[in-house]
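Structure record follows, encoded as structure tokens.
Rule-based calculations on the coordinates, nothing more; no lab input. Note that the coordinates shown come from a computational prediction; the quantities given were computed from them, not determined experimentally. Cβ coordinates were reconstructed from backbone atoms using ideal geometry, including for glycine residues, and neighbour counts include every protein chain displayed.
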Amino acid sequence: MTFGTCVNKAVKSQRQTSKDLSDPVKRLDISSRFLIFRTMFSALLSEVSIQIMAVASAVFLTLLVFFKRRKNLPPSPSGSWPVVGHLLSLGRAPHLKLTEWRKQYGDVYTVRMGMEDVVVLNGYRAIKEALVDYKDAFSSRPNVYVLNLVSGFGKDIAFTKFNPAYLEKRRFAVSALKNLGMKMGPVSVEEHIREEARQLCLKLSEQGDAHPRDIADSLTVSVSNIVCSMVFGKRYDHDDEKFVELIKIVNKVLSQLEHGSSQLMMVFPFLRFIPGVNSTNRILVECIDKVHEFLRQEITKHREILDSENPRDFIDLILAELQTKDKTDCFTEENIVWIIQNMFFAGTETTVSTLRWGILYMVLCPEEQQKVQSELDSVLGTDHDVATLAHRSQLPYTEATIMETQRIRLVAPLNAPHAPNEDTTFRGYDIPAGTQVLTNLWSAHMDPEYWTNPEKFDPRRFLDSEGKVVSRPDSYLPFSAGRRVCLGEQLAKMELFLLFSSLLKHFTFKLPEGAAAPSADDCMRVTPPRVIMCITRR
């Protein structure tokens, strides 16, 4: 029966009923009226597409969420659209737009990421207040699908929510890394780093001066090998096929995380179910599975010859910890792989990107390169070996150059997202538990209140009047702050100093004759552009 036929039948029935209204017996009762309307509604459903109904429901729910805004959140910039929020305004470099909005909306404001309210903290004072003064309140993580995916949904350390399990895992990791030499002084990982610096310089020398090339891949192998020496207790040759393949997979994961589709899935996680759009999700899952296969093989080898009393590396330490009964809630067979994966992902790309930026700025600012090299020559002389950490105090300009690189080209300008553990009042605003909070570290590093001409590369800003390094300046947060400060901060500082100083001691970097320098737009990227350069032995 069609909807039109049903309506005609209902109308005729109603007319007949009207004629009989004078007869109490024939008067249409309530149940009969309900039957008529039910018949009409059933016919209507038979002709209206279920898909249209679903879309209508989705639109209704979207509008409901949009208009039901949380009260007393920080102010929000204009230009928010239904469904997408401020995404169209943020563009491909959101840290720049968020810093620009600070001038109009202050240090604390709210943006709409899709249909979600996200609180943004700008400037050193607001960020320090939240992460240090309110560290117990802002130490958790929000539910972001893509980040959950690469962290095993809370099985790692970096993106685990703030809870007793997280604290126990972090305490273990800090202790383990210190035992393995992530510290200053004797019995440190310094010699492993120096050995990788030697191997890197040797590799670059073997390639000769004739052909300009990009240094990115060589740096990645060297930094990854430092991580391997701590995690696996061994290093790999630069040409080891299995090792090179692992690095390619890790790089692929990181590049997918920067891909537009991945960014969209962070805001609209349902896209992972949409064919065609969800290719990034599929690639991430495949790559993570391959990384875990490699790690499980290493874990199996370590378990077969494990000596709990004499651990050799991070895997030995965590396997020994796994055997203690009182730690099984925090360390399980399921999350051990995710914790080790953390070491690779967090311990490789950030250091490599900083080194690449440092070398690029030496190319773009040859006068700064000459100052660093003159200092290295004056302290190290004609010695062809690499520097030691003991030389750091004697090489203030080299140290300041590294710090300036970290300031001007922060590799994580928006930091990993934070979230309140519970409903929190911050600067007079109410921030509900679980709300995503972005700490715009870029705004702190480019704040003219603290940094004169912040867009200019100038290592001297990190030197005092006596030429000594200002080690902890205000508004300088390359490793974040508070309870979620980078686990590998000490290791990264050691790597950056020893590798950077070794490269500048042994080589001069410049663009090929007639080659154009990278554009300003390229230099505003988070990930450094790949640059073909001449690498000349000194």
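So here's what we get for this one:
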{"item": "Condition met for N453 (in contact with a helix residue (DSSP H, G or I) (Cβ under 8 Å, 6 or more places away or on another chain) and polar (S, T, N, Q))", "result": "no"}
{"item": "Tally of residues being more than 25 Å from Y145 (Cβ to Cβ), of a type outside the set (D, E) and surrounded by 15 or more Cβ atoms within 10 Å (Cβ to Cβ) across region 161-172", "result": "1"}
{"item": "Scan of region 183-237 for residues that are among the acidic types (D, E), part of a loop (DSSP other than H, G, I, E, B) and either in contact (Cβ under 8 Å) with a residue 40 or more places away in the chain or buried (at least 20 other Cβ atoms within 10 Å of the Cβ) (or both), ordered by number", "result": "D209, D214"}
{"item": "For D156: the one exception among (1) over 28 Å from M494 (Cα atoms); (2) acidic (D, E); (3) within 20 Å of the chain's Cα centre (by Cα)", "result": "(1)"}
{"item": "Number of the exception - V291 against (1) surrounded by 14 or more Cβ atoms within 10 Å (Cβ to Cβ); (2) without any contact (Cβ under 8 Å) to a residue 40 or more places away in the chain; (3) among the aliphatic types (A, V, I, L, M)", "result": "(2)"}
{"item": "Filter result (within 20 Å of F314 (Cα to Cα) and in contact with a Cys (Cβ under 8 Å, 6 or more places away or on another chain)) within region 157-212", "result": "A165, E168, K169, F172"}
{"item": "Given (1) more than 22 Å from V231 (Cα to Cα); (2) of a type in the set (G, A, S); (3) in contact with a Leu (Cβ under 9 Å, 6 or more places away or on another chain), index of the condition A137 fails", "result": "(3)"}
{"item": "Residue list for region 300-314, filter: assigned to a helix (DSSP H, G or I) and either of a type in the set (G, A, S) or under 18 Å from F172 (Cα atoms) (or both)", "result": "F314"}
